[in-house]
Ligand SMILES: Cc1ncc(COP(=O)(O)O)c(C=O)c1O
């Protein structure tokens, strides 16, 4: 038997962890200079990693070394300061240490009985998040794998509420045979919320969408649509929209919710925009979020904890339990003990609370405020540069941390300019100094840069500018 499959091999465990630590240290130390990505085709990655299941084992320390060496060209510097793609957070030192410890102690955070420490830590994290964002203390919630699952939790609670309005129990009896439940959102509802609505049986194509010029829902059009709907409505708001960083007017959405004759539920997707609420300077953008019925957000974005981590809040605790309650003789909880699995779809769960607890404890409220404001200042600086740079155009004002822009060239038709921008995204990624991603905004191909990494400095913004300027220059030439 080799050390890899001997369960008593404490020395092998220690050696493997030491090797993993050394790899991690070297990787983290390389982040400031490391290319943010390499060109890694599917063929190259398959050639590097694909093989049949090994018949015999390998020493655990050699296993981690081998994986890293073989996979390295496909590892992006996504926790680093120059990864501006999608909406990607980094990992603070405390968050990473907490996450490592969570793996080592391997607690099942699904039930109180399997880890009172994990359950109580999660409760504290949820409390701290409510305090950080000024949310009502009485809201209930749970940690999730990300904002998609947080959207699922909130929208499942909304479905339960709507069923109750119509006289049935959606979790117990399903939607079949009951009148359809109206779901209303802006045209810029995030794809993850749409995916959740499909999963929950509302149907992806049944979402009734209202225009959102500039990224914020058109309130008059929304009010008009609501007037056409008799029964209960689930209203999905954005805080904020992923291409522009613009917010729906959440207070106005809450007013519309309050006055809809058939009753309405307001779910807010605050995957990254909720973090504005942690800054007195930016909190006005989230005004009204505290009036939501459910709220989804991400921790692996702006909280800067490792993937995967998000959180959901629901105003009505009893309703959330009704949505996800599951009885089974072998998992019956004890009175007064909180079982997280009764609030989310999963049963066994990773102990995500530890990384979040460590991150929040290490930064504190002030640390998060400073980091969030720095990210927003970096975004504003980049947007100012875009607005003044030749051959580059800002596509929207920048209220928060997303800059949407494109490269322009006189004399080219729209189709060619779109192709130019798609090529620019590929070229910037290949250049390796900064990672940006593409999108379509107002029907035109565009480029996005999102600022939510705790490490990013003004020097990194300057490198992003250099990369964009050079690529724009060479593509225009
Ligand atoms: C507004 C919004 N909602 C939901 C999501 C999905 O989040 P996750 O990838 O964590 O599931 C994202 C991701 O970027 C987002 O920006």
Calculate the FRET efficiency for residue 14 and residue 410 from the Cβ-Cβ distance with a Förster distance of 45 Å, rounded to the nearest 0.05.
0.10
Thinking of the stretch 325-439 as a set of Cα atoms, what percent of all their pairs are more than 23 Å apart?
58
Simple label model, 7 Å out from Cα along Cβ direction - residue 55 to residue 255, nm
7.4
Expected 222 nm ellipticity per residue - DSSP helices of 4 or more, -39500 (n - 2.57), all of the chain, to 500:
-14000 deg cm²/dmol
To the nearest 0.05, the calculated FRET efficiency linking residue 458 and residue 223 through their beta-carbon distance, R0 being 41 Å, is 0.45
Beta carbons within 10 angstrom, averaged per residue: use that to sort the peptides 325-332, 463-470, highest first.
463-470, 325-332
If you project the alpha carbons of the chain onto their three principal axes, what span does each projection cover, largest first, in Å?
70, 59, 45
Calculated P(r) of the stretch 98-360 - Cα pairs past 27 Å, %:
34
Using 0.36 nm per residue, how much length does the chain from residue 165 to residue 75 gain when fully extended, once their Cα-Cα distance is taken away?
27.5 nm
What full-extension length gain, to one decimal in nm, is calculated for residue 387 and residue 283 as 0.36 nm per residue of separation minus the Cα-Cα distance?
34.9 nm
Kirkwood radius from Cα pairs of the stretch 238-332 plugged into Stokes-Einstein at 25 °C, 0.890 mPa s, gives D in µm²/s equal to 166
Two-decimal Rg/Rh across the stretch 148-196, once Rg and the Kirkwood Rh are taken from alpha-carbon atoms:
0.99
Can you put 40, 416, 192, 294 in order of Cβ neighbours within 10 angstrom, beginning with the fewest?
416, 40, 192, 294
At 0.36 nm per residue, and after removing the present C-alpha to C-alpha distance, how many nm does the segment from residue 45 to residue 67 gain when stretched out fully?
6.7 nm
Share (percent) of C-alpha pair distances in the stretch 10-77 greater than 21 Å works out to 37
Points 7 angstrom from Cα along the Cβ direction at residue 22 and residue 317: gap in nanometres?
5.0
Highest mean packing first, using Cβ neighbours within 10 angstrom, the peptides 135-146, 276-287 sort as 135-146, 276-287
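Here, each number is a calculation from the coordinates, and none is a lab measurement. Given the structure is predicted, the values throughout are model-derived calculations rather than measurements. Neighbour counts are summed over all protein chains in view; Cβ atoms, including those assigned to glycine, are modelled from backbone coordinates with ideal geometry.
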